[in-house]
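Down below is the structure, laid out as structure tokens.
We did not get these values from a lab; they are worked out from the coordinates using the rules stated. Nothing here was measured: the structure is a model prediction, and the numbers come from that model. Backbone-built Cβ (ideal geometry, glycine too); neighbour counts: all protein chains shown.
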């Protein structure tokens, strides 16, 4: 699927709204990096919401947007959503329980922090066994609520990594956000892992006894 040409719709949400359900879109950012948290976003739109607003054309899979586009989109999502929240699991939690369970934990926390109770979740790929949910392949590209959640998760995590760049200078976290770029790997080789690196991930393992 060419994600650049896809615009998400409210088809999944509308089917559930017709059943009288309150629906949240959920997605994560940061499953793959070597450092930093995995962050989940959860977004609820009202059943009267329409994607006819001009700003809605900028909502799509966060990976296809520039950083400035994501930040602008996040402002509008927060303005027009009925409820939204983000939550993170830090690197030590990821090391303790694994990235898959840490991702689900962050998602549960984000949903729990929503100001209104939800009855059904639309999630990119995953499901949460303890909450009624549907995992949608390419959900962040085709489902408006999931795309919105992906943007909030990515913006929130990127902001955190910029803060970590100040706290742990020399790794260039603000540039690569913890992903395994050549610059990150070269700094890791020179400096060793920081406290926010994931010690259970390769190649961090070679520097630790994890």
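Overview of values
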read-out	value
Nearest-ten-degree value, helix 182-191 long axis tilted from longest Cα axis of the chain	40 degrees
Angle in degrees between helix 99-112 and the longest Cα principal axis of the chain, rounded to the nearest 10	40 degrees
Alpha-carbon centroids, the stretch 72-108 and the stretch 110-173: separation in whole Å	4 Å
The chain - mean residue ellipticity at 222 nm from DSSP helices (-39,500 (n - 2.57) per run, n ≥ 4, rounded to 500)	-12000 deg cm²/dmol
Candidates 63, 154, 79, ranked by Gaussian network fluctuation over the chain, Cα under 10 Å, top entry	79
Estimated distance in nm for a label pair at residue 206 and residue 75, the labels positioned 7 Å out from Cα along Cα-to-Cβ	4.4 nm
Sequence ranges 185-192, 97-104, ranked by mean other-Cβ count within 10 angstrom, highest first	97-104, 185-192
Over the stretch 3-205, equivalent-ellipsoid semi-axes from the Cα gyration tensor in Å	31, 18, 13
Burial ranking of peptide ranges 38-44, 12-18, 122-128, 141-147 (average Cβ count within 10 Å, highest at the top)	38-44, 141-147, 122-128, 12-18
Contour excess over end-to-end distance, with Cα ends at residue 52 and residue 180 and 0.36 nm allotted per residue	42.2 nm
Helix axis angle, 67-80 relative to the chain longest principal axis, alpha carbon, degrees	40 degrees
Computed label-point distance, nm, for sites residue 64 and residue 101 using a 7 Å Cα→Cβ extension	3.5 nm
